[in-house]
There are 2 protein chains.
Amino acid sequence: MPKQVDVRERRTLIADALMRVAAAQGLEAVSVRHVAAAAGVSVGMVQHYFRTKDEMMVFALDVVRDRNQTRVTAALSALGPDPQPRVMLRTLLVTILPLDEQSRADGLVALAFLAYTAVRPAGVKSDDTAQMLGFIASLLPDPDAAVGVLALMEGLGMYVLGGQYTAEQALTALDAQLDLLF
Amino acid sequence: MPKQVDVRERRTLIADALMRVAAAQGLEAVSVRHVAAAAGVSVGMVQHYFRTKDEMMVFALDVVRDRNQTRVTAALSALGPDPQPRVMLRTLLVTILPLDEQSRADGLVALAFLAYTAVRPAGVKSDDTAQMLGFIASLLPDPDAAVGVLALMEGLGMYVLGGQYTAEQALTALDAQLDLLF
DNA sequence: CGCTTTAAAATACGATCGTATTGCAAAACC
DNA sequence: GGTTTTGCAATACGATCGTATTTTAAAGCG
């Protein structure tokens, strides 16, 4: 057999290409052929690592989520020991907001997938929302406010992605909310 | 020539079918043929009223927006004369949230279109955001809080659509925010 | 009434889709 | 070192896509 290959790495390579296509031309432009071309590989190779297109999509969605998770934990651990809850929360929220170019691309992909999975029967979506909610609640004076905080961040992200809000507007609104809650 | 026909009505008939397809199977399932079948008409007729698929999509998006607008003004005018700002604002927000089945379908369509237009070059999106923002600001003690209120509502709507939040959770978070602001 | 215009259907066309199938070369294994 | 397994490419297949073209029939108008 040919040289042993890192399956996860190959899959990620393809998923990255998928996300580039999705961010640039939308999820509807994501086809096996386009993704293969964007990755610089053959259609057959994509098929080798993903039996179906849906399998590929689900994997790519997982990659986006993992990346977000990684960004968040990195930003949080960069805060040093024993940061104030408010600082931690703000860091978390700002990290997830699509403010720079890379996280903007991720956000576009996540948005496209959101619309994609909203209709799917089930099984695809995981519940990182619940755990995020719990974490936010642990940082707030009033844990019940977590639902609103998460929703506010999501909404700000949407409007930033859509171009209706600037990054500054989003940050201002976020800080105003934190002022209210702390 | 055949009987004169109400063009707008025919277009709306087709757009309604489009939205039914999009709400049930996602925007990717929206094809000229599917829409025609869902509307119970021929492909040729769809082509007669929309020269391209994109033209059809843009029209459908406009219909969704108009319907939302209509719902809001109806709900507001049902409040009677001189309602309190807080009541007006709450009515506005609750009306837009996808809490019942019909507005949920509209919300799904709007979400799908959001992902669709986020990538499109330009021209498609209108700026009803700005006018909504102004209206909300006029109802708030602190007009600057409008940005956050609108984003919160959008985020709540997303999570309700995605099934992560229940309608009750969304309403509770909304009222909590109004308590903070008034 | 006959001509013309137009709503609507039917069909055709080439491109692209997801996926199945087949072929082949390279390396791991006995 | 031959055999077998596996990574990957190539290609084929039928379905579906958006759209162009052609036909049919009905009704407005002189």
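Some notes on this structure:
- Helical contribution to [θ] at 222 nm, DSSP H n ≥ 4, -39,500 (n - 2.57), averaged over chain B, rounded to 500: -23500 deg cm²/dmol
- Average Cα contact separation per residue, the stretch B:7-181, under 8 Å, 6 or more apart, as relative contact order %: 20 percent
- Order by protection proxy (mean Cβ within 10 Å, highest first), peptides B:77-90, A:83-96: A:83-96, B:77-90
- Compared with the direct C-alpha span, the chain from B:Val43 to B:Asp127 gains 27.0 nm at full extension, assuming 0.36 nm per residue.
- Where labels lie 7 Å past Cα in the beta-carbon direction, separation of A:Ala24 and B:Thr73 in nm: 4.3 nm
- Computed from point charges on the beta carbon alone (+1 for Lys and Arg, -1 for Asp and Glu), the dipole magnitude for chain A about its Cα centre is near 800 Debye.
- Partner chain coverage, peptide B:19-26 - average Cβ within 10 angstrom: 2
- Copy-to-copy label separations for B:Leu79, where each label sits 7 Å from Cα toward Cβ, in nm and ascending: 3.8
- Translational diffusion of the stretch B:1-110, µm² s⁻¹ [Kirkwood Rh, Cα pairs; Stokes-Einstein; 25 °C; 0.890 mPa s]: 159 µm²/s
- The mean number of Cβ atoms from other chains found within 10 Å of a Cβ in peptide B:135-147 is 2, as a whole number.
- The angle separating the long axis of helix A:85-96 from the principal Cα axis of greatest extent in chain A is about 30 degrees.
- C-alpha long axis of helix B:7-25 to longest principal axis of chain B, angle in °: 70 degrees
- Sorted from shortest to longest, the distances between the B:Ser31 label points of this copy and the other copies are 1.1 nm, with each point 7 Å from Cα along the line through the beta carbon.
- The tail of the calculated P(r) for the stretch B:7-181, taken as Cα-Cα distances beyond 27 Å, holds 32 percent of the pairs.
- Spin-label zone in the stretch A:140-155 - amide nitrogen under 12 Å from a point set 7 Å from the Cα of B:Val94 along the C-beta vector: none
- Exercise: per-residue mean of other protein chain Cβ atoms within 10 Å, A:102-114: 2
None of the figures in this text is laboratory data; all of them are computed from the coordinates on show. Not measured: the values here are computed from a predicted model. Don't worry about glycine lacking a Cβ; one is built from the backbone with ideal geometry, like all the others, and counts go over all protein chains shown.
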